[in-house]
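Reading through the C-alpha cells given below for one structure.
Every number here is computed from the coordinates shown, using simple stated rules; none is lab data. The model shown is predicted, which means the values in this text are computed figures rather than measured ones. Neighbour counts run over all protein chains shown; Cβ positions are idealised from the backbone, glycine included.
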Amino acid sequence: MPTARICLDCNVLFPDDRTIRTFGRCPACRRAYVKRQAARPRKHTRRATPARAAAQGFYSSTAWKKARNLARKRDGVCTSCGTSADLTVHHVLARKTHPELELHVDNLTTMCRSCHGALENATRKR
C-alpha cells in the first residue's frame, strides 16, 4: 500500500509506493532534481589523477602479473592468517618509497583481502 509523502521541493502530497527511488520528491520535481544532480560537477576526482593512472598501468603490466603469480605460487595462502580464499599480493616495502623493488618476488607477500586491507589501513594511519 502506497504511503503519502510531502515533496521536499514543492510541498505537494504525493503517493510513495517505495518501488522506485523518489529522493523525497514528487514525479515532476524528481525529474528536475535528477537532471540537476547529473549536471553538477563531481567533487571526487581521486580516480582521475596521473599517479592513479600510472599505478593502473603498472598493475596491468605483464611483468607485474608474472611477479604476482610467482608470489602467489610460492606462498599459496595468506601469510598473515593462513586462508586460501580471495588472495592478493602485497609489497613489503612500498612501491612509492622503493620503486626498484616493485617486481622483486622477495619484496612480495601473499595476503587475503581482509588482512591486506587491515595492514594498508594501519600503515596509512601512522
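Structure notes:
- Inter-probe distance in nm under a simple model that places probes 7 Å from Cα toward Cβ, at Arg18 and Leu93: 5.8
- The GNM of the chain, with springs linking C-alpha atoms under 10 angstrom apart, assigns the highest mean-square fluctuation among Leu108, Leu70, Leu13 to Leu13.
- Rounded to the nearest 20, the Cβ-based charge dipole of the range 42-92 about its Cα centre (Lys and Arg +1, Asp and Glu -1) stands at 320 debye.
- Ile6 paired with Lys66, simple spin-label distance in nm, labels 7 Å along Cα-to-beta-carbon: 6.8
- Computed [θ] at 222 nm, helices only, for the chain once each DSSP H run of length n ≥ 4 contributes -39500 (n - 2.57): -12500 deg cm²/dmol
- With contacts taken as Cα pairs under 8 Å and at least 6 residues apart, the chain reaches a relative contact order of 16 percent.
- For the range 60-125, the relative contact order comes to 37 percent (Cα pairs under 8 Å, sequence separation of at least 6).
- Debye intensity ratio I(q)/I(0), log10, the chain, q values 0.12, 0.14 Å⁻¹ (C-alpha model): -0.67, -0.72
- Cross-link partners of Lys73 among lysines, defined as those whose alpha carbon lies under 30 angstrom from its own and excluding same-chain residues fewer than eight positions apart: Lys65, Lys96.
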